[in-house]
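Values quoted throughout were computed directly from the atomic coordinates according to the rules given, and no laboratory measurement underlies them. Everything numeric in this text was worked out from a predicted model, so none of it was measured. Please note: Cβ atoms are built from the backbone with ideal geometry, for glycine as well, and neighbour counts cover all protein chains shown.
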Amino acid sequence: MSKLAHIGVVVTDVERSKKFYTDFCGCEPGKRIQDDRYILQYLDAGGQTIILLQLLTGDPEAPRRCGVHDHIAFQVQDIDSAVDKLRSAAVKLQMENPKVEIIGAKIFYFFGPDGERLEYVQDIV
């Protein structure tokens, strides 16, 4: 493996999730592909790709559920301001306040529109 190609996240409403990831995670919308089975919305997350996948019919290949992964982490410059923005928009939070973690960074967990666990990470200087 040479590099991460993308992260795929199954969602129930691709437009709602696109707005959330744009507003709260700093992602930039990219191309959108749709056929009779799927809607794929590409997002640029600082040079990494997230693909939001909305299933339009049952998936014959394997059962897929929304929010199945441990978490996706987004680097932020000011974690306290980013968390304040989440609070003001009534986003569901997993933690009360950011905390310093063993990795040497401040972290904060919250949830996306389909219950997917997301994280803000701010390096400690």
- Query: By a straight-distance test (C-alpha under 20 Å), which lysines pair with Lys106 as possible cross-link partners, with residues fewer than eight away in the same chain excluded?
  - Reply: Lys85, Lys92
- Mind checking the angle between helix 14-25 and the chain's longest principal axis? C-alpha axes, 0 to 90 degrees, to the nearest 10. 20
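Relative to the compact-globule scaling 2.2 N^0.38 Å, provide the ratio for the alpha-carbon radius of gyration of the chain. Write down the numbers at each step before the final one.
Values: Rg = 15.2 Å, N = 125, 2.2 N^0.38 = 13.8 Å.
That ratio works out to 1.10.
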- Message: Please compute the modelled spin-label separation between Thr12 and Leu40, points set 7 Å along Cα→Cβ, answer in nm with one decimal.
- Response: 2.5
